[in-house]
Amino acid sequence: MRISACVFAAIFLSTTPAFAQTVDFGSDTSQWSNDGECDDPRFTGPGMTTTTLLEADIRADATDCKTAFDAGAITLIGGDVVAPPATPDAPDVPANPAAINFGDDSGDWPKDGECDDRRFYGSAMASNLGWAFVGRDATDCKAALAAGSIALWSEAGSLAATQCAAIDFGDNTGPYPNDSECDDVRFEGRGTASVLNLENLGKDAADCSAQCNFGIISLRDY
């Protein structure tokens, strides 16, 4: 069932007491999760998606909504909100930033003083982030990390443990090479395409190798 933002706001305001509360962002089960826009109709603000809000996306777009909420780009409809402790699951800035593969400056907004790489979080991050820009804003992100204004998310650190050099990535004969998404069904993680087919196994080597080295995909357990 579709529900407009205005109708949902009216319902929520009439049923939610206006007192400080901690936000339960839920999970990333929405089909539009991790696209840089919050699709949860409990929120409002410039960080929200511009498409129709769905009741099914309540507590189903956690990463996008938490990122926008922490950045002040959205607020919970009704009442004052106490933000949860800032990124409690994120590690400190790595002791050896030189070990991070920052990539290059091939993104759309290089050297503008903001980091566009979604592997990081912090005050120096851009407001609109997409997984396609991972490893494509090296100068900005490296400078921000050195200044202590961003840090790696814990997920990036765990996925970076994949032994990429030992993997046979295949070739680039698949239908979607060099589009900054890994189409190989052997992998999982933020850097994989939304639709994976067995026909593309071992046929997107450049993308999958790059995303592995950036730490945002890993081999599936099976």
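Any read-out appearing in this document is the output of simple, stated calculations on the displayed coordinates, not a laboratory observation. Note that the structure is a prediction, hence the values are computed from the model and not measured. In this analysis, Cβ positions are derived from the backbone assuming ideal geometry, glycine residues included, and neighbour counts consider all displayed protein chains.
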Subject >> Efficiency of FRET between ASP108 and TYR176 - r from beta-carbon atoms, R0 25 angstrom, step 0.05 >> reply: 0.80
Original post:
Put a dot 7 Å past each Cα toward the Cβ at ASN197 and THR51; how far apart are the dots in nm?
Top reply: 2.1 nm
Original post:
List the lysines whose alpha-carbon lies under 17 Å from that of LYS142, not counting same-chain residues fewer than 8 positions away?
Top reply: LYS111
